[in-house]
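Right, one structure below, let's go through it.
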Amino acid sequence: MSRPIGLLAPTALCPDPLVTAVSMGLERPQQYERLIDGGSEWRWLEPVSPGEQLWQIARIIDQEERTSTRHRSATTVFEIRTWNEQGRLVAVARARSVSYEETK
Amino acid sequence: MTSVPHELEPGTRLFSIELDEVQLEHLVRWAGAVDDYEPLHYDERAAAARGLDGPVVHGPWKASVLARALVEAVEADARITQLTCHYRRPDFVGDRLTFQAEVTEVIPRHDDLQVECAVRVIGEGGMETVVGGATLMLPRKNEEHCEGAQLVTQVMLDRLNYGQEAGRFTYRIQENDLERFHASIGPVDELDPRPSVTVSGGMEVAPPTYYMAIDPVERRDLDIEGFVYQVPYPIVGGGNAFNEVEYERPIVVGDLVTVSTSFTEVYEKVGRSGQLLFRVRSNVLTDLRDEVIARSRMGHAIAYDLSERNMP
């Protein structure tokens, strides 16, 4: 019998989604001169309890190129999904990696 | 840190925390915790080589400070279901940072108050370096259940089989269905004969909006929403509020798609045209191998005039 952990920060299972994605083997593309972390997102869908075994899968879900008068950029969106022992999706984390350079 | 004020309304400040100076130690501890040893975050020379004023504060560290402050601001039976942070500008070691959260919307749900917040980090010079949002779910106190909730009743929730599967239907996807779906969207211009089916990898792929055509409620295969017309107030408006879909893979001709429908949210809000009753249903589309094809959420609202009660 396990008991709920209580209130967890939404970042608890995956504090840095970008680092997690890369550590799980995904390549972080750098198309242009600079490479930055553009943002993170965390969603809790189900509670988790101590002792539970969780599974995570990382993938790239979107890539987008943009050109403005000042910059051109390429954004790669990584996603880490976490499932519990019952196969239920419990959390989703996303990271936006942005590579950019000034338009000459 | 104080707990969330009892009276929550748009504009309520949940917290404002000032950190006089980001220390290199903060970043080194964070780097060790998350296994991120990028020198840009702790080595002045590495930062200078990239034209920066000093080691750059990790974006997710700032997000984690916000997350921790949110946890401390609410009671233990609350839930923080979502946090989004956009990293707009870099902050550097030595900078003074302010972390803030403010309520933007309060939505009464059946068991909870959904509290939407704006979060931000203000860096040197008063510039916003992180902006984003968070969603908190706070349990409603007993006395709050009836207060303000004039439309949602337990009978209504039971009729919808609220929170559990309300129905499960299976549909075979055929090419002529897709052609009819395409024709229903608009006439096919001879100069722009948009194909109803896109061929990809040898498979005929349905358009991404096709999930709506196999929604059991829209098809009247699942007809359990009749109670909304039994609410004792006149209907003065309403319609589709939103549709969302997330695909694991496309729907293709030949698929046998099983759609499981559940009503996951029923709540009300005050709208310009009256008291709005929202019903949100979630569909999970699976294939013959029981693998998920897509998940969708669809919200509908009906507006009632509470100033006038229908005759029984």
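The values are calculated or read from the model by the stated rules, or taken from the named source; none is laboratory data. Small disclaimer: the values here were computed from a predicted structure and weren't measured. Virtual Cβ from ideal backbone geometry, glycine too; neighbours counted across all protein chains shown.
Looking at B:Glu102, B:Glu147, B:Glu179, B:Glu124, which is the one that is farther than 30 Å from B:Thr286 by Cα, at pLDDT below 85 and away from chain A (no Cβ under 14 Å)?
Values: B:Glu102 fails: at pLDDT below 85; B:Glu179 fails: farther than 30 Å from B:Thr286 by Cα; B:Glu124 fails: at pLDDT below 85.
Exactly one residue qualifies, and that residue is B:Glu147.
Residues are listed down the side, and each one gets a yes or a no for (1) more than 9 Å from chain B (Cβ to nearest Cβ); (2) crowded, with 17+ Cβ neighbours inside 10 Å; (3) part of a strand (DSSP E or B):
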residue	(1), (2), (3)
A:Ala9	no, yes, no
A:Leu13	yes, yes, no
A:Pro29	yes, no, no
A:Gly39	no, yes, yes
A:Trp42	no, yes, yes
A:Glu46	yes, no, no
A:Ile57	yes, no, yes
A:Glu64	yes, no, yes
Fill in the blank from the handout: Per the filter on the stretch B:29-83, residues among the β-branched types (Val, Ile, Thr) and at pLDDT below 90 are B:Val71, B:Val74, B:Ile80
Exercise for the section: Filter the stretch B:230-263 for residues that are surrounded by fewer than 18 Cβ atoms within 10 Å (Cβ to Cβ) and within 15 Å of B:Thr153 (Cα to Cα) and give the result. Expected result: B:Gln230, B:Pro232
Handout entry: Matching residues, the stretch B:286-305, being more than 20 Å from B:Glu225 (Cβ to Cβ) and either assigned to a strand (DSSP E or B) or of a type in the set (A, V, I, L, M, F, W, C) (or both)
Key = B:Thr286, B:Leu288, B:Val292, B:Ile293, B:Ala294, B:Arg295
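Among the residues that make up the stretch B:49-62, is at least one of them free of Cβ contacts under 8 Å to residues at least 24 places away in the same chain and more than 9 Å from chain A (Cβ to nearest Cβ)? Working first, answer last.
Going through the stretch B:49-62, the residues free of Cβ contacts under 8 Å to residues at least 24 places away in the same chain turn out to be B:49-51.
Cutting the leftovers down to more than 9 Å from chain A (Cβ to nearest Cβ) gives us B:49, B:51.
Yes, because at least one residue in the stretch B:49-62 is free of Cβ contacts under 8 Å to residues at least 24 places away in the same chain and more than 9 Å from chain A (Cβ to nearest Cβ).
Looking at B:Val74, B:Val121, which is the one that is more than 30 Å from B:Val56 (Cβ to Cβ) and among the hydrophobic types (A, V, I, L, M, F, W, C)?
Working: B:Val121 fails: more than 30 Å from B:Val56 (Cβ to Cβ).
Unique residue meeting the criteria: B:Val74.
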Practice task
Could you grab me the full set of residues in the stretch B:155-171 that are part of a strand (DSSP E or B) and either without any contact (Cβ under 8 Å) to a residue 24 or more places away in the chain or under 26 Å from B:Pro232 (Cα atoms) (or both)?
Solution key: B:Ala166
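Based on what the data block shows, is B:Leu66 in a strand (DSSP E or B) and in contact with a strand residue (DSSP E or B) (Cβ under 9 Å, 6 or more places away or on another chain)?
On the way: in a strand (DSSP E or B): no; in contact with a strand residue (DSSP E or B) (Cβ under 9 Å, 6 or more places away or on another chain): yes.
For B:Leu66, the condition - in a strand (DSSP E or B) and in contact with a strand residue (DSSP E or B) (Cβ under 9 Å, 6 or more places away or on another chain) - is not met.
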Problem - Residue in the stretch B:289-302 that is of a type in the set (Lys, Arg), more than 17 Å from B:Tyr210 (Cβ to Cβ) and crowded, with 20+ Cβ neighbours inside 10 Å present - result: no
